[in-house]
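Inspection log for the structure reproduced underneath, given as structure tokens.
The values are calculated or read from the model by the stated rules, or taken from the named source; none is laboratory data. Quick caveat, the model's predicted, so the values are computed rather than measured. Note that we place each Cβ from the backbone using ideal geometry, even for glycine, and neighbour counts take in every protein chain shown.
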Amino acid sequence: MYEVRFHGRGGQGAVMAAQALASAAHAEGGYATAFPFFGAERRGAPVLAFTRIDEKRIYRKTQVYEPDFVVVLDEGLLESVNVVEGLKKGGVVLVNSTRKPEEIDVGIDTKLATVDATSVALEVLKQPATNSSILGALAKATGLVKIESIEMGIMQVFGDRLGPKIGEKNARAARVAFERTVVGESHGKRVLKTAEKWLPDVNNLPMGVAGVAMKTTAGAVGPGSFLENKTGSWKVFKPEYDEEKCTMCNFCWFYCPEGCIYRKDDRMEFDMDYCKGCGICANECPAEAINMVR
């Protein structure tokens with residue numbers, strides 16, 4: 001049995017990627033299962049998805065704790081998640097990155113492949129949905145399934161849900177990423193830390209939004225706890241501000257859902273630690289003083 005663990009963020013399509021991989025394996029005559037794991041995360045928060053592939057019927061229903069292959073749809077997760085936890089000896093890590101495999105430190109010595117899946121997605125799909133691109137790279141890096149089977153799986157899963165034209169575009173993105181994938185090795189040097197998990201009971205939770213933020217050994221919880229999480233690492237695009245065009249109408253400040261735009265003297269300032277790159281500020285700016293860039 002081969003087990004694959006996908007690390008992504010809400011909205012990147014990790015769940016559909018796991019399902020399309022299962023469909024590809026089934027097309028080659030195997031058995032496969034796919035399922036996600038996530039809580040009440042908002043778009044952009046870390047999520048997991050899993051695929052199991054075998055020659056016989058699969059009855060195991062647990063999460064994948066010891067994967068053969070790890071797929072990372074967002075390189076920023078390497079700083080906050082131990083993606084190689086439980087990785088089997090001889091396993092492969094695939095990372096969406098512009099860097100070469102030897103330039104990425106995942107904490108252990110391992111075979112590692114990279115592909116700039118975000119650029120492929122923007123080029124082919126015109127949006128930063130990296131799930132289909134990363135599947136093409138997975139076929140190249142692991143040989144787990146053929147690229148033709150990946151294309152069939154994408155057409156079945158993506159095409160059935162989003163329409164044949166969208167399915168064809170995603171299949172093309174997978175093919176492009178397959179051709180651009182670089183396979184190498186990573187030699188780990190940094191110390192890996194497993195995040196301490198904390199689950200509240202009724203006595204730990206503040207009463208509504210009037211409660212104060214609390215500290216636990218796992219960090220902050222309650223209102224204001226987002227300050228402990230640098231959510232700006234989630235963005236694909238960032239705002240580029242033209243002070244000359246700005247009329248100080250404050251529309252960007254008013255509409256920013258994260259509250260990370262501030263007025264300072266006669267200009268606006270953007271807190272990149274928390275900006276998720278949603279582009280609402282640029283869309284609402286009547287003076288076109290804000291432009292979203294990679």
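Of the set (1) modelled with pLDDT of 90 or more; (2) within 30 Å of Glu75 (Cα to Cα); (3) exposed (fewer than 12 other Cβ atoms within 10 Å of the Cβ), all apply to Glu243 but (2). Of all the criteria given as (1) among the β-branched types (Val, Ile, Thr); (2) in a loop (DSSP other than H, G, I, E, B); (3) surrounded by fewer than 21 Cβ atoms within 10 Å (Cβ to Cβ), the one not satisfied by Val145 is (3). Look at (1) at pLDDT 90 or above; (2) surrounded by 12 or more Cβ atoms within 10 Å (Cβ to Cβ); (3) among the β-branched types (Val, Ile, Thr); (4) in contact with a strand residue (DSSP E or B) (Cβ under 7 Å, 6 or more places away or on another chain) and you find that Val221 fails only one, number (1). Among the residues of the range 148-189, write down those that are surrounded by fewer than 11 Cβ atoms within 10 Å (Cβ to Cβ) and not in a helix (DSSP H, G or I). Residue satisfying the conditions is Lys189 alone.
For the range 257-293, the candidate set comprises residues that are buried (at least 18 other Cβ atoms within 10 Å of the Cβ) and among the small types (Gly, Ala, Ser); within that set, the residue that is farthest from Asp242 (Cα to Cα) is Gly277. Of the residues making up the range 240-267, those that are over 30 Å from Pro46 (Cβ atoms) and in contact with a Phe, Trp or Tyr (Cβ under 9 Å, 6 or more places away or on another chain) are Arg263, Arg267. Using the structure shown, decide if Leu138 is touching a residue at least 60 places away in the same chain (Cβ under 8 Å), surrounded by 24 or more Cβ atoms within 10 Å (Cβ to Cβ) and outside any helix (DSSP H, G or I). Criteria not met by Leu138.
How many residues are without any contact (Cβ under 8 Å) to a residue 40 or more places away in the chain, crowded, with 16+ Cβ neighbours inside 10 Å and basic (Lys, Arg) when one looks only at the range 22-71? Residues that pass the stated criteria total 0. Taking first residues from the range 3-16 that are modelled with pLDDT of 95 or more and partners that are among the aromatic types (Phe, Trp, Tyr) and surrounded by 22 or more Cβ atoms within 10 Å (Cβ to Cβ), the Cβ contacts under 8 Å between residues at least 6 apart in sequence or on separate chains come to Glu3/Phe50; Glu3/Phe69; Val4/Phe50; Val4/Phe69; Arg5/Phe50; Arg5/Phe69; Phe6/Phe50. If the condition is being in contact with a helix residue (DSSP H, G or I) (Cβ under 7 Å, 6 or more places away or on another chain) and either in a helix (DSSP H, G or I) or without any contact (Cβ under 8 Å) to a residue 60 or more places away in the chain (or both), then the range 267-287 contributes Met268, Met272, Asp273, Tyr274, Cys275, Ile280, Cys281, Glu284, Cys285, Pro286. Within the range 248-266, the residues that satisfy the criterion of being outside any strand (DSSP E or B) and within 29 Å of the chain's Cα centre (by Cα) are Cys252, Trp253, Phe254, Tyr255, Cys256, Pro257, Glu258, Gly259, Cys260.
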